[in-house]
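Notes follow once the structure below has been shown.
The values are calculated or read from the model by the stated rules, or taken from the named source; none is laboratory data. Not measured: the values here are computed from a predicted model. When we count neighbours, we look across all protein chains shown, and the Cβ atoms used for this are built from the backbone with ideal geometry, even at glycine.
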Amino acid sequence: MNEIKCYFIVLILLSVWPDRIARAQSLGRDCPRPTLENGYFTPDESTYKHDDKIYYACNQGQKPISEGWWANVVCNDGKWSPYPLCIGENDCIAPNVPHAKLINPVQEGWYGNGNSAGFVCERGYEIITDSSTSCQNGRWTSLPTCTRKPFSCGSPPQVENAIIQQKYEDIYEEYSTVAYACGDLYQLEGQSVVQCKNAQWQVAPKCVKKGIQPEPPSRERTVSGDEDRTQGTSFPLYLEVQECGDPPTIVYGDTTKTERLSITYECSRFYKLQGPSQVMCLSGRQWSKLPTCVSNFCKLEGKIDHLKTLQSALFFEEETTEYFDCEDVRYNEYKWVAGNWKHYGAIGRCIKGNVYFKGCKSSTGFIIKHK
């Protein structure tokens, strides 16, 4: 009898324990409070949960290792990504040049004042200016430019019911080739290999039916954008959008483009799209999953501690900053902002619907958290 009880206990543990392990792994480990020299962060806790985000700024004479005066890091399974760091205001963050890669990039992610960095262009691009740049007083001297090589080609021609047998690329150099292969129910008509020449692709082949095409399966298939772009299918995944009738409406959003097989949505100002921007008509004459428009702004109005009273409501978008006058004029000053002299005494940054202020009575830290 005891042996039977033990047997059932083992079965229960075997069935429950893997699920608990999976859930524990999906949650991720907590992160300890990070060490940040010459800076401060919020919220300031002893430990943080997996996926928690904290924001940090640096003391006078220092700056975060990111663009702007404010940065954020995320707890990812027990580690901060990226780790918060304050560097000298005359140092430079690793430069980012479109379609270029750094030669021997520094692991720290920043370069000291006076140091240089070299670049090489991605395949299909070439440098038309100096290939290196220098960090001077917190700014990079003229960055190189990578331009598309002459006579190169863009995306290869799309062939219905066919796949391309090479890795997809945005740019193909002249004389590059791609090979097509048809689906099981189709046969190739024309040359299977197509070449890029004089900035144009040669005539692409066709895939024609071998015989009668069977009815498509009733189960819907989902493919990603990359797969849909490079892989053909032996049956249509979607119907034309007109088959589903008028496009559905979404709150704070509207359609921006209607094509044969898709409708594209975008949100009104101060809202951001959550979910797929493109909606398709499925074979069951139902729309694919709709996106939603969620708030992406902060609102300020009336009297706010330490600041001059606002005459009207102010809206500004997430992760943007606004400048304000202090109630005590002694803390107001002129500063050079975006190419113009601006009179202000505090900076407010919109973060998750809250506005964090810096300035006026406090040279470091926050004045008030206002929602």
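Being surrounded by fewer than 17 Cβ atoms within 10 Å (Cβ to Cβ), at pLDDT 85 or above and in contact with a Phe, Trp or Tyr (Cβ under 6 Å, 6 or more places away or on another chain), is that true of even one residue in the range 321-340? For the range 321-340, residues surrounded by fewer than 17 Cβ atoms within 10 Å (Cβ to Cβ), at pLDDT 85 or above and in contact with a Phe, Trp or Tyr (Cβ under 6 Å, 6 or more places away or on another chain): absent. Can you name the residue in the range 275-300 that is assigned to a loop (DSSP other than H, G, I, E, B) and among the aliphatic types (A, V, I, L, M) and is also surrounded by the fewest Cβ atoms within 10 Å (Cβ to Cβ) among such residues? Per the criteria, the residue is L290.
In the range 229-238 there is at least one residue matching the filter, namely being surrounded by 12 or more Cβ atoms within 10 Å (Cβ to Cβ), closer than 24 Å to M280 by Cα and either of a type in the set (F, W, Y) or at pLDDT 80 or above (or both). Filtering the range 64-101 to residues that are more than 23 Å from N113 (Cα to Cα), of a type in the set (G, A, S) and over 17 Å from the mean Cα position of the chain (by Cα) leaves only G78.
Against the criterion of being β-branched (V, I, T), on the phi < 0 side of the Ramachandran plot, at pLDDT below 80 and in contact with a Leu (Cβ under 8 Å, 6 or more places away or on another chain), V223 qualifies.
Can you name the residue in the range 109-131 that is polar (S, T, N, Q) and either in the same structural domain as Q195 (by TED's automatic domain parsing) or touching a Pro at 6+ places or on another chain (Cβ under 8 Å) (or both) and is also surrounded by the fewest Cβ atoms within 10 Å (Cβ to Cβ) among such residues? For the range 109-131, the residue satisfying everything is T129.
Looking at S192, S134 in this structure, which one is at pLDDT 90 or above and either surrounded by 13 or more Cβ atoms within 10 Å (Cβ to Cβ) or not assigned by TED's automatic domain parsing to the domain that holds F119 (or both)?
Values: S192 fails: at pLDDT 90 or above.
Matching residue, one of S192, S134: S134.
Taking the condition charged (D, E, K, R), in contact (Cβ under 8 Å) with a residue 24 or more places away in the chain and more than 20 Å from R349 (Cβ to Cβ), does K49 pass? Considered against the rule, which asks whether it is charged (D, E, K, R), in contact (Cβ under 8 Å) with a residue 24 or more places away in the chain and more than 20 Å from R349 (Cβ to Cβ), K49 comes out as yes. In the range 144-158, the residues that are charged (D, E, K, R) reach residues that are assigned to a loop (DSSP other than H, G, I, E, B) with C-beta atoms within less than 7 angstrom, at least six apart or across chains, in these pairs: R148/G124; R148/I171; K149/G124; K149/E173. Residue under question is T264, and the condition is that it be over 16 Å from V241 (Cβ atoms), modelled with pLDDT of 85 or more, surrounded by 13 or more Cβ atoms within 10 Å (Cβ to Cβ) and among the β-branched types (V, I, T); does it hold? The answer is no for T264. Before we move on, is S46 at pLDDT below 90 and in contact with a Lys or Arg (Cβ under 6 Å, 6 or more places away or on another chain)? Judged against the criteria, S46 is a match. Of the residues making up the range 136-194, those that are of a type in the set (F, W, Y) and assigned to a loop (DSSP other than H, G, I, E, B) are F151, Y168, Y175. Only residues that are on the phi > 0 side of the Ramachandran plot and small (G, A, S) were counted in the range 244-269, giving 1.
Could you list, in sequence order, all residues of the range 124-152 that are under 27 Å from the mean Cα position of the chain (by Cα), farther than 29 Å from Q200 by Cα and charged (D, E, K, R)? R139, the sole residue that qualifies.
Considering every residue within the range 301-308, establish whether at least one is under 31 Å from the mean Cα position of the chain (by Cα) and not in a loop (DSSP other than H, G, I, E, B). No: the range 301-308 contains no residue that is under 31 Å from the mean Cα position of the chain (by Cα) and not in a loop (DSSP other than H, G, I, E, B).
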